[in-house]
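Below: the structure, in structure tokens.
None of the figures in this text is laboratory data; all of them are computed from the coordinates on show. The shown structure was predicted, so the numbers you read here are calculated from the model rather than taken from an experiment. Here the Cβ positions follow ideal geometry from the backbone for every residue, glycine too, while neighbour counts run over all protein chains shown.
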Amino acid sequence: MGEERRGGWGTVAEGSDIKGEEVGHIYKQLKNVKWEPHPINENVQLGFILTKKGDGVELTSLLAKVPKGEVIPEHTHQVHDIILPLSGKGKIWIKGLGEFELKRGVLVNVPPGAVHKVYDVTEDLEIYDVFSGPIL
């Protein structure tokens, strides 16, 4: 019986070999992430993991460190902003939807173009953030 394609999952026959020189774009140690200030709050640090510019992928993934008491003011993105808190506590406000807790065990999918902000950070917040398209 042959293998059947299911949604975005391909069959082994459709697969391809990966070249050894591509390993730096496939396997990354997060301890080597280079941190830089957030463009709208320099006290928030961003560690870019995958980007179109650096890795040739059609998304952006990063770690964000939001210290206690800091805010990421209202802003938008033209792609989905998928937020997965790893530790800490805070809140996110999304225009038209309201306020949601940011803490381990929740996921927030901010729609493209939605005005949103992160605030009321009561414990240092570390977030894994994925953008559905390249922002860098």
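General remarks:
- Structure note, pairs Lys28/Lys95; Lys19/Lys53; Lys28/Lys68; Lys65/Lys95; Lys52/Lys117: Cα-Cα distances above 30 angstrom occur for Lys28/Lys95.
- Dipole magnitude of the chain, debye to nearest 20 (Cβ charges: Lys/Arg +1, Asp/Glu -1, about Cα centre): 200
- Residue-wise HN-Hα coupling along the range 97-111, computed from phi with Karplus coefficients 6.51, -1.76, 1.60 (Hz; x: Gly, Pro): 10, x, 9, 9, 6, 10, 6, 4, x, 10, 9, 10, 10, 7, x
- Debye equation applied to the C-alpha atoms of the chain, log10 I(q)/I(0) at 0.13, 0.15 Å⁻¹: -0.64, -0.79
- Approximating the spin labels as points 7 Å out from Cα along Cα→Cβ, the Gln29-to-Trp93 distance works out to 4.2 nm.
- The residue list Val23, Gly113, Gly98 was ranked by how far each Cα lies along the charge dipole of the chain toward its positive end, using unit charges on Cβ atoms, and Gly98 comes out on top.
- Residues whose amide H falls under 5 Å from that of Val79, counting only those 5 or more places apart or on a different chain, are Gly113, with hydrogens built in the peptide plane.
- Given R0 = 41 Å, the distance between the Cβ atoms of Glu22 and His80 translates into a calculated FRET efficiency of 0.95.
- Note: relative contact order over the range 37-97, using C-alpha pairs below 8 Å and six or more positions apart, is 26 percent.
- Report note on the peptides 90-103, 31-44: ranked by the mean count of other C-beta atoms within 10 Å, highest first, their order is 90-103, 31-44.
- Summed residue charge, Cβ within 11 Å of Tyr119's Cβ, Lys/Arg positive, Asp/Glu negative: -2
- Annotation: amide H-H contacts under 5 Å for Ile49 (H modelled 1.01 Å from N, sequence separation of 5 or more, or interchain): Ser61, Leu62, Leu63.
- Taking a ≥ b ≥ c as the square roots of the eigenvalues of the Cα gyration tensor, the range 94-134 is oblate, since a/c reaches 1.5 or more and a/b is not larger than b/c.
- Take every Cα pair under 8 Å whose residues are at least 6 apart in sequence, average their separation, divide by the length of the chain, and the relative contact order is 26 percent.
- Förster-model FRET efficiency, 35 Å R0, Asn41 and Ser132, C-beta, rounded to 0.05: 0.95
- Estimated FRET transfer efficiency (Lys53, Glu14; beta-carbon r; R0 30 Å; 0.05): 0.60
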